[in-house]
1. Which value, in debye to the nearest 20, gives the size of the charge dipole of the chain about its Cα centre, when Lys and Arg are +1 and Asp and Glu are -1 at the Cβ?
2. Quick one: if the Förster radius is 45 Å, what FRET efficiency do LYS497 and SER383 give, using the C-beta to C-beta distance and rounding to 0.05?
3. Any idea what angle helix 55-68 forms with the longest principal axis of the chain, computed on alpha-carbon atoms, 0 to 90 degrees, nearest 10?
4. Lysines within cross-link reach of LYS334: Cα-Cα under 26 Å, excluding same-chain residues under 8 positions apart?
5. Given R₀ = 60 Å, FRET efficiency for ARG342-LYS469 by Cβ-Cβ distance, to 0.05?
6. Tell me which aspartates and glutamates have Cα within less than 13 Å of LYS426's Cα, excluding those fewer than 8 residues away on the same chain?
7. Cα-Cα over 22 Å: which of LYS504/LYS526; LYS127/LYS436; LYS411/LYS469?
8. Rounded to the nearest Å, what's the spacing between the alpha carbon centres of region 115-170 and region 494-549? Just the number, please.
Amino acid sequence: MASTLFRTIQIHPFLLYPTALFSRRNGVLYCTMKSSQTQTATQEKQQPPKVKVPQHALKKTVDKITRDYEAIIGIETHVQLSTLTKAFCSCPYNYGSQPNTSICPICMGLPGALPVLNSKVIEFAVKLGLALNCKLSLNWKFDRKQYFYPDLPKGYQISQFDIPIATGGYVDLDLPLEFGGGHRKFGITRVHIEEDAGKLLHSGNGDYSQVDLNRAGVPLLEIVSEPDMRTGIEAAEYAAELQRVVRYLGISNGNMQEGSLRCDVNVSIRPVGQSEFGTKVEIKNLNSFSSINRAIDFEISRQALLHSQGQSDQIVQETRLWEEGAQKTVTMRKKEGLSDYRYFPEPDLPEVILTPEYVDSISNSLPELPEAKRRRYEKMGLSMQDVLFLANDMNVAEYFDATLSSGADIKLAANWIMGDIAAYMKNEKLSINDIKLTPQELAELIASIKSGTISGKIGKEILSELLAKGGTVKGLIEEKDLIQIADPVEIGKMIDKVISENPKQLEQYRGGKTKLQGFFAGQVMKLSKGKANPGLLNKILLEKLNGQS
């Protein structure tokens, strides 16, 4: 019977809910519901009237916030784990696959189908808990979180309630210099495991929505921060640091555009000096770090304006959406409380017990994390701008470290990677793993310039070819006869030739137009095909131009 039912669902993938929710179009049955626009409009009628926030008033409000109000910001972050199969069944999950092609009775919650925990989920959760400096629970369980939504087939979500796997951690990060710089430490309340719901595919006209259950049952780690952030930029940088951490750990790709990292922000404000928190508002639909920053700044301004107008009672606990086009938040729905979810222990999954030996083995396998890498780079003498750039991407950091391991000068290696190599990757839309230049050859290039074998200009020409085609530095130098000319006699002859061919410029130079030195140097470099040693060239040139030799 279960097998027959499952085959029917595969043929008609949207037959999951009562027939009152469905309509038939061209022989296909669709799950239908009111459009989001209708729902929002209905809910907004139940809210107090909207307060328009003119641009000039917003600026005035922002100034007032600085003086009179303090924002309290916390973030709930969902990280989708890069496991081969879902949390409680053997279905794979591939982003962008055809709807309802990776589903089974277990992730659909059909009667009689029992979940089995994916052990990789435990491993990844322990890794993240340790990386976020949390205390791990060695004995924990799963719970059922009850709520109905069309893309949640079971009518409940397997999650963790009173005994999460990790609690009481923190994140250290450095703010970019353009945002004031400085070190920040934000607390982590808890990290817990849960499964994802499906996804609604809305029709163009809003008449109906279809349900794709491919994502149902995909393992998530939810990271709940302490309300330690005070500005939009702090919140955005916190989220960016979590992305770096999960990528360094290899537990998630952290791509926000794919939904692999999703942030819900909680914002409230209070008068400066007040210890009691204000009314918390949740903001969803944040798909980039810049939108996190802008949404928070707007919401702070909106709430502060209501306070300043004596309408603080209109700030209610609710969920709001960030509208990217309009650059504002709008009401979505009233926020549920814990009692609404009716948590109780998941009866189909046993208690999980972690041994200290298991935790230690995972702890010993952790890579160097972003914060440790930044501190190591800082001790090397690199500027904070260099440190933040190099440690931001794990692959860039590994490339930099490999270049140093091959004997490269620290500052020169950083400059080449952050300058010419980064520009090439941006123009060609490549990652550092895609370029042909190896770290060993970059170190060889830096050494060749530093030793005077080739000039910096020739080094740039070699770099361009190595990035695009590969090869070796020594091979290109020999093949194209690029060894720098460092013989004073030979350079002197070239200078004499250039001076004799440009008597007018020589007269102008000796008449006071000393900037013409650059003209003569350029002509000599052109004659030498870029191979003349620049330092030696300029020394001899000055002597000859000033009639000293």
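1. 1460
2. Result of the calculation: an efficiency of 0.55.
3. Once rounded, the angle reads 90 degrees.
4. LYS34, LYS45, LYS50, LYS52, LYS145, LYS154, LYS199, LYS280, LYS284
5. 0.40
6. By straight Cα distance, LYS426 reaches ASP434.
7. Pairs exceeding the cut-off: LYS127/LYS436; LYS411/LYS469.
8. Comparing the Cα centres of region 115-170 and region 494-549, I get a distance of 72 Å.
A short reminder: the numbers here are calculations on the coordinates, not readings from a lab. Computed from a predicted model, the values in this text were never measured in an experiment. Glycine also receives a Cβ, built like all others from the backbone with ideal geometry; neighbour counts cover every protein chain displayed.
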